[in-house]
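Okay, so here's the structure we're looking at.
The numbers here are math on the coordinates, done by the rules we state, and not lab data. This structure is a prediction, so every number in the text was calculated from the model and none was measured. Counting neighbours? That spans all protein chains shown, and the Cβs are built from the backbone with ideal geometry, glycine included.
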Amino acid sequence: MIPVRMELDGSESLFEVSRGERLVDTLRSRAGLVSIKQGCAQGRCGACTVLLNDQPVAACLVLTLQVDGQRVDTLEGLHARGLLRDLQEALIEGGAVACGHCTPGMLLAAHAVLMRFSRPSLKQIREGLEGNNCRCGCKGRIVAAVRKAALRRASQGRLNPPRGVKVVKDGY
Ligand code: FES
Ligand code: FES
């Protein structure tokens, strides 16, 4: 077994993993972060999305060894810090939460978009959510809800720049 240290949801965490263990399994099975779903296991659905140094990645395609020394954020951690509340509210208001399976990954990808753009266009949101599939036909409503949350944040001056990423002031 190999020791892997990561900053997981703001706390230093240590896991002893085998060489081939995937990040999705470490986080779900060892850390109990069950918002991370196992879907296609091929990097195509986005259900297993986590943020790796603020970038959305498919945890089913990442080996846990690869994140040694890196920062990983999950829905549980961002939710506990209250960073997703307005996005969650906008999704509910917009009738954009139909299944619950894709929603955690969508929220993380949307959070990453809002960290990059203070006023993202619909196109920028669509591109940011490209790796997250919605098979029930809600994607348009999800994109609209993310934009609504973004505009609310911007109007309240509540920008959330991540470490190391330059915030674009106007995404139009
Ligand atoms: S389970 Fe990882 S992208 Fe589908
Ligand atoms: S809302 Fe989850 S698949 Fe459409």
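Data for the structure
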quantity: Cut-off 9 Å between beta-carbons: net charge of the residues surrounding residue 72, Lys and Arg +1, Asp and Glu -1; calculated: -2
quantity: Proximal charge balance of residue 96 [Cβ under 9 Å; K/R count +1, D/E count -1]; calculated: +1
quantity: Folded to 0 to 90 degrees: helix 139-155 orientation relative to the chain principal axis, Cα; calculated: 80
quantity: Label zone at residue 135, where the point sits 7 Å out along the Cα-to-Cβ direction: the stretch 58-76 residues whose backbone N lies under 20 Å; calculated: 58-61
quantity: Counted charge near residue 84, where neighbours are those whose Cβ lies closer than 12 Å (Asp, Glu -1; Lys, Arg +1); calculated: -1
quantity: Difference of contour (0.36 nm per residue) and Cα-Cα distance, residue 41 to residue 5; calculated: 10.6 nm
quantity: Straight-distance crosslink candidates among aspartates and glutamates, where the alpha carbon sits under 20 Å from residue 148 and sequence neighbours closer than 8 are dropped; calculated: 86, 89, 93, 127, 130, 170
quantity: ³J(HN,Hα) computed for each position of the stretch 100-110 - Karplus, 6.51 cos²θ - 1.76 cosθ + 1.60, integer Hz, glycine/proline x; calculated: x, 7, 7, 4, x, x, 4, 4, 5, 5, 5
